[in-house]
Each structure stands twice: as C-alpha cells, then as structure tokens.
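The structure under discussion appears below in the form of structure tokens.
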Protein chains: 2
Amino acid sequence: MTTRARMADVARTAGVSTATVSRALSDPTRVDPATRDRIMDAVTSTGYRANAAARSLRVRRAGAILVLAPNLANPFFNRIVVAVTQVADAHGLAVQLADSRAAPERLATLARDGRADGIVLLDASLDPAVVRGWPLPVVQACEWNAAYAAPGLAIDNHAAMGLVVDHLGGLGHRRILHVAGPEGNVLASARTEGFVAACAARAVQGSLEAGDFTMESGARAARAWAARPDRPTAVSCASDECAIGFIGECWGMGLAVPRDVSVAGFDDIEVSARLAPPLTTIHQPRARLGAAAAERLIAMIGGADHAPEWDVMPAHLVARGSTAAPPAS
Amino acid sequence: MTTRARMADVARTAGVSTATVSRALSDPTRVDPATRDRIMDAVTSTGYRANAAARSLRVRRAGAILVLAPNLANPFFNRIVVAVTQVADAHGLAVQLADSRAAPERLATLARDGRADGIVLLDASLDPAVVRGWPLPVVQACEWNAAYAAPGLAIDNHAAMGLVVDHLGGLGHRRILHVAGPEGNVLASARTEGFVAACAARAVQGSLEAGDFTMESGARAARAWAARPDRPTAVSCASDECAIGFIGECWGMGLAVPRDVSVAGFDDIEVSARLAPPLTTIHQPRARLGAAAAERLIAMIGGADHAPEWDVMPAHLVARGSTAAPPAS
DNA sequence: CTGAAAGCGCTTACAG
DNA sequence: CTGAAAGCGCTTACAG
C-alpha cells in the first residue's frame, strides 16, 4: 500500500508546472523534447498514473463503457463480454459490468452517475421508457428492442429457424418440436415465429413446448416430450443450453441422441462442438457481435450519429452429430 | 441524451445550499424533515444522481472493485464474477472487469488510476513484485500465490486429487492417467502433485499427460491416450473443460464413456451435471468463493487487516455417470 | 439545522 | 514552449 503520486509530485520532480506535465502526457509533441524527457523520467521514478476521477471530472468523460447483461452466469454472454473488453482496452477505455435485472433505482444510478460514457445493452426486456431516458449512447447486441431507439447488431433469428427446419426436414423428420425461449423475450419470439413459419411453409408438423433458454427448462421439456404419445422425432431448442439439458435428460431416461431423437440447439457456445455427440446448432458469431457493438458504441461516444439502425447478419447452421435421420419405427 | 442535473440544480430547486443536499443524501437524519422532503422532491424531479467522479475525487475512494481474471471466456470464471458483482452491488460498489494478461503498462494503470479501491485477483501467475507493488488491497480466489502476500480462498486442491484417485481406485481402476493443467500454474501443480502422491499412497499406477485446462488440450490428450499400448482405464482431467474435450474426442474415435474409459473432471461447472453421461468431478463452490472473496476485499477496503491468510475449504467429489468399473478386458 | 468556503487532482483556455 | 489560474461537481470541517 504505497501512497500514490500526484501530478504535482511529477511536476516538482521534473521542475515544471502541472500544466506542462499534463501536456507532455496527452500530446508529447507540444513540449520541448528535453522537458519531455525530464517529465517522463519523473513519471517512471514516481510510478505516476493520472487519477481517473480527477481527469474525468475535468473532461466530463468517464473513459469507460458499461456492459449491462441479464444473467451473466449464462455462458452465452461470456464471449461477448470478452470481445467488448478487448475493444475497450484497445481504445484505452475501462469496462464496467452490471446486471441488467438490477432494481430500477440501481439502473438509474448506473446510467447517470457518470461512471460510463456509453452502454452495451444485452437485454431487450427492459422498460423502453427507461432506456430512452438514459443520458448515454446505447448499443444493443444480439437482442433487439425497437422501442429503445438504439442501434444494434444480431443475426437473423427468424431466418435461422428456417435453416433448422430445413436441416431436420431434409433428414426426413416430419414431426418437429421447438422448445421455446422465455415469453416476452424478443429473441425467443423471433425464433418461435421463425419456426412456426418454416414448418408451415414446408408442410412439417411443428409443435411447441415452453422453455426459458436454461438447461433446466430443456430437461423439463424432455420429460414432457417423452410423455407424448406422438413424440416428434426431432427437437429444436431455442438455445444450446436448453439442448444440453434436453439431451442430458434423455440420457437419464435411457434414450440416445441422435438414435432415438435428433436435437438441435441455437448459439453455438464453445462446449457444443465438443459434446458427445457434437451439437447441431445455429452459429452466433459472439466475438464479432461483441466487438462490433463496442466499436459502434465508441464511435457514438466520439460523436458518431445515433441512428437506430439494426445490422442483421445472415444466420449459419452448423450440422453436427446430434441430428440424423429419424428412427425407422 | 438529456443533460444531467448537478447537485447545484437540486439545491436551487429545493432552495438550500449544496452542503445541505449532500447531507440529506448521505445522512438524512442530519437535516430537518421538511428540508429533506423538499430536497428529495427536487432529486426526483431532476432525476439527479451524484457524479461519481466528483464524489470519488473528493472522498478519495472509487466506490468500485476490480476483477482481474485471465481468459474471461472460460466458463469457470463466470459464476465467480457474478458472485462478486452481486456482493459489490449489495454494498453499493461498481465492478470493473479486466484481463489479467494485459500488458504490464496496462496493469499498472488499472492498479493506480484510482478507478478501483481493491482487486479480486483470479490469476496466480502474475509477477509477485508487480502485485505487491499495487497500492490497493488484493484478495485472491481459487488460485493462490504466496508471494503475492495477499489473503485468499480456495478448496484443497491437493486433497481433492486424493478423492479422485480413491473414487477411481474404488471402482477397480489400477492404471489412471492425469491430464495436467498448464505448467507454472499453481492450481495445476497442486493437482498434479496431489495425483502423484495419491497414486503412490494407494499403489495405483499413475501416469501424466500435458494439458492446459482447455477442451482442445483434452482432445489432444485423448488422442495420445488412445495411441498408448497400455491404455489407462481411467482418466482424471485437471478441469471439466479438459474432460469434456477428452470425452468428445473419444466419441469421435468411436469410444464410449464410461464403457471404454472412465473420465473425471475438476471444477463442476454448470454444464457438467447435464452431460451425457454426467461428469464425475470435484465440486468448486464458485459462487461461495467469489462472494467470500468480495466480502473479504470490501472489509479490507473498509480498514480490516490485510493478513495474507489463506482459507482452505475441504474438497468434495461428485460421483456421476462418467466413471464406472473398468472394462472386463 | 444550515451555509460559505476550501480543496480533492486534473485540463485548458489565456497570456507571455 | 511554458505557467498561473480557473473550474469540473462533489464533501466536509468550520462557523453560526
């Protein structure tokens, strides 16, 4: 616990004013080379770093971005947060992390206490009036809520479900179950609607089971599915975690994937490619989405316009071992 | 992008000085009830939140803690970060997140720019001189480096390997492979040493394969294992991710777990209980470790002593379907 | 119970 | 190229 050097200490050591130290640090070309060298030596010998609070009070900028996500324990958000952190780091910005499901009071503080210059928002279920009231630029990623009036990026979730139904239908499945995401979630809705539309267009018999993206909900869905007299031969889960829960529960019931049932996920989280069998799923380029969202946000903080356009990237299905032709029956 | 209200705005609206507003906000009992009500009304109508930079410049406290972790993409760190966030939130502190493998220059800034009042450090492979030089309290979690002279918490990694070897030996395995963690990592060393010691004590034939906790290294180890003429009948992986990679690669080679080989992991990440088969592993109470580390750090920030004691919690094995008796051969 | 004033550690016009 | 001075928005002794 050494005590921290202030700019005044550096100035005294180098025999200059704090103004000159400040200039030497922010734009070295504006000070005499000899002076600059003395200052840099003083910085090194004192271990000086500018106090972020003083600096941001003065320049009215936090030098940080806030990542707001629901359920940070969800591995899906991992890579996104990592990507945001890397981009922020490259721009010399700090990253603050908070739970989007915090109390309204807390959210108001997060948006207004000046700790962050912008927000990467990974939750589309907040009150739009609240989000619009934030005095900071906001970029959404993965989940989109038009009422936020904020730009964002995501893959085409609706179209993705067409790929899933095509894939399963192509393998010969005529009865497909979709285990949905939580009600009120825009991603979940887009996927459910995409599924229903795709089934209708392809004359596949689709059915729905409630879920909420979690492994637990996948396990529950598996029990409900197994109890049906007319078991669908293939299952599309709204998330990889849900699919993992479904497959795990099948294993517990003595059923094997894809021998007894084909299962597809959504997200392509890290572990999916390594499962036994590997999981067929829709790839979400999470690192790319996170990095792009961070870049966009930083541009907005720098003055770029806030037009609430939405960048939709094409979806992409990764076929793996968890899906195969239906049992002969 | 509404413009933010300052304390002076609230004071003017309520017809008092900023000093009184400040008092009403920090300790409502110190101002007259009628005055207080006027102030609170003004706060509500203006949407005022104290500027964190100004406040922390004045009180010389950031009101935030920094979580420093290597490889944030690793699901192992997830729950820990969530727990830290929850505890911090309960104490009104913000959470800053950064990668412990950042450049030395960046680490120096993180520790000295005054953005954080303390650090939860999840990486034991940093230069001890660097860590000791930080002007902030530090608490370690999971990984411990005595040279940091900072307190911390973890489970007994050495003893845990005794439980693994006991479990596998009890099932009848006499040849066991340990896929180690990365060289130089204290956790990896403790586990490897624990494994070797346990094998010696129990007359089990132990062997080692290099790894680095990742799924990819587990897959590599599986190929090396499969190529051996004297395949061990059971495998202990230094992390769950490694075990998942091992099992996935076995599946690719047409081998089944636990029919052809028993596999145990280490960590008990969320997904492990849902795998098919579920993974036998050592449970790490990550949420508890993270919360306890945060509580400890906050106490230290508040003035509690920094004695570098290490809290070691007993390890606990969770037996699941990925381990069974060896093949009859 | 309340206010005037100082000061936390920076940056930035403004002079020179 | 450099310095003196003001001010960012708070909190906290110090008076009253």
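The values are calculated or read from the model by the stated rules, or taken from the named source; none is laboratory data. Here the structure is a predicted model, which means the values were calculated and not measured. Methodologically, a virtual Cβ is constructed for each residue, glycine included, from the backbone with ideal geometry; neighbour enumeration extends over all protein chains shown. Side chains included, ligands, DNA and RNA excluded: accessible areas come from the protein's heavy atoms. Shrake-Rupley method; radii C 1.70, N 1.55, O 1.52, S 1.80 Å.
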Checklist outcome for this item: Given a 1.4 Å probe, the accessible area of region A:157-284 per residue, as a whole number of Å², is 34 Å²
Next on the checklist: Over chain B, with a Gaussian network built from C-alpha contacts below 10 Å, which listed residue (B:LEU171, B:LEU153, B:LEU187) shows the highest mean-square fluctuation?
Outcome noted: B:LEU171
Item to check | Relative contact order computed over chain A (Cα-Cα under 8 Å; 6+ residues apart), in percent | outcome: 17 percent
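What does the charge count around A:ASP99 come to, taking other residues whose C-beta lies under 10 Å from its C-beta (Lys +1, Arg +1, Asp -1, Glu -1)? Intermediate values should be presented prior to the final figure.
Details: positive: A:ARG101, A:ARG106; negative: A:ASP123, B:ASP89.
So the surrounding residues net to 0.
List the trypsin sites (Lys or Arg not before Pro) within region A:118-206 that fall in a DSSP loop (any state other than H, G, I, E or B) and whose Cβ has at most 16 other Cβ atoms within 10 Å.
Working: sites: A:ARG132, A:ARG174, A:ARG175, A:ARG191, A:ARG202; in loops: A:ARG174.
Those that pass, being in a loop and sparsely packed, are A:ARG174.
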Checklist entry - If you take the C-alpha gyration tensor of region B:166-270, multiply each eigenvalue by 5 and take the square root, what semi-axes do you get, largest first, in whole Å? => result 18, 17, 12
Checklist entry - Using all Cα-Cα distances in region B:101-257, what percent lands in each 10 angstrom bin from 0 up to the longest? => result 11, 33, 27, 17, 10, 2
Next on the checklist: Defining the label point at 7 Å along Cα→Cβ, can you sort the distances from B:ARG132 to the same site in each other copy, shortest first, in nm?
Outcome noted: 5.8
Next on the checklist: Once neighbouring chains are kept in place and the probe is 1.4 Å, which whole percent of the accessible area of chain A is contributed by carbon and sulfur?
Outcome noted: 54 percent
Checklist entry - Binned at 5 Å from 0, what are the whole-percent values of the Cα-Cα distance distribution for region A:7-50, short to long? => result 5, 30, 40, 22, 3
Item to check | B:ASP166 accessible area, assembled protein chains, probe 1.4 Å, Å² | outcome: 70 Å²
Next on the checklist: Over region B:1-155, what portion of Cα pair distances is larger than 22 Å, expressed as a whole percent?
Outcome noted: 53 percent
Checklist outcome for this item: Rounded to the nearest Å, the spacing of the alpha-carbon centers of region A:232-310 and region B:22-84 is 35 Å
Next on the checklist: Take B:HIS316 and B:ARG223, extend 7 Å from each Cα along the Cα→Cβ direction, and tell me the distance between the two endpoints in nm.
Outcome noted: 3.8 nm
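Equivalent-ellipsoid semi-axes (√(5λ), Cα gyration tensor) for chain B, whole Å, largest first? Each step should come with its number before you reach the end.
On the way: eigenvalues 520, 76, 54 Å².
Taking √(5λ) for each Cα gyration eigenvalue gives 51, 20, 16 Å.
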Item to check | Label spacing, shortest first and in nm, from A:PRO104 to its equivalents in the remaining copies (7 angstrom along Cα→Cβ) | outcome: 5.2
Item to check | Other-chain or far-sequence residues with amide H under 5 Å of B:GLY211's (modelled H) | outcome: B:ALA180
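What FRET efficiency comes out for B:ARG202 versus B:GLU105 if R0 is 45 angstrom and r is the Cβ-Cβ distance? Round to the nearest 0.05. Walk me through the numbers before you get to the answer.
Values: r = 49 Å, r/R0 = 1.08.
Approximately 0.40, to the nearest 0.05.
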Item to check | Phi to ³J(HN,Hα) by Karplus 6.51 cos²θ - 1.76 cosθ + 1.60 over region B:254-259, Hz, x for Gly, Pro | outcome: x, 9, 10, 10, x, 4
Next on the checklist: Can you list the copy-to-copy distances for A:ALA273, using a point 7 angstrom from Cα toward Cβ, in nanometres, shortest first?
Outcome noted: 2.8
Item to check | Contact order relative to length of region B:7-50, as percent, for alpha carbon pairs under 8 angstrom and 6 or more apart | outcome: 44 percent
Checklist entry - So if we plug the beta-carbon distance of B:VAL59 and A:ALA307 into 1/(1 + (r/R0)^6) with R0 = 51 Å, what FRET efficiency do we get, rounded to 0.05? => result 0.80
Item to check | Spacing of the two label points (7 Å from each Cα toward its C-beta) at B:ALA159 and B:SER45, in nm | outcome: 6.3 nm
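How big is D for region A:257-329, in µm² s⁻¹ as a whole number, if Stokes-Einstein is applied with the Kirkwood radius of its Cα pairs at 10 °C and 1.306 mPa s? It would help to have the intermediate numbers written out before the result.
Numbers: Rh = 14.7 Å.
The diffusion coefficient I find is 108 µm²/s.
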Next on the checklist: Using amide H atoms built in the peptide plane, which far-off residues or other-chain residues are under 5 Å from A:ASP156 H to H?
Outcome noted: A:MET313, A:ALA315
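Which FRET efficiency, nearest 0.05, do A:GLU216 and A:THR35 yield, Cβ-Cβ r, R0 56 Å? List each step's numbers first, then the result.
Details: r = 64 Å, r/R0 = 1.14.
Given R0 = 56 Å and the Cβ-Cβ separation, E is 0.30.
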Next on the checklist: Strictly under 4.7 angstrom between C-beta atoms: which cysteines of chain B have no such partner?
Outcome noted: B:CYS142, B:CYS199, B:CYS250
Checklist entry - At the nearest 100 Å², what buried accessible area, both sides summed, do you get for A and B when the probe is 1.4 Å? => result 5200 Å²
Next on the checklist: Can you tally the net charge around A:MET215? Count Lys and Arg as +1, Asp and Glu as -1, for every other residue whose Cβ sits under 12 Å from the Cβ of A:MET215.
Outcome noted: -4
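Subtracting the Cα-Cα distance from 0.36 nm times the residue separation, let me have the gained length for A:ASP166 to A:ARG259 in nm, one decimal. If you can, show how the numbers build up before the last one.
On the way: separation 93, 0.36 × 93 = 33.48 nm, distance 1.95 nm.
Roughly 31.5 nm would be gained on extension.
Let me check I've understood the local charge: for B:GLY265, count other residues with C-beta under 9 angstrom from its C-beta, Lys and Arg +1, Asp and Glu -1. What total comes out?
Details: positive: none; negative: B:ASP240, B:GLU241, B:ASP267, B:ASP268.
Once positives and negatives cancel, what remains is -4.
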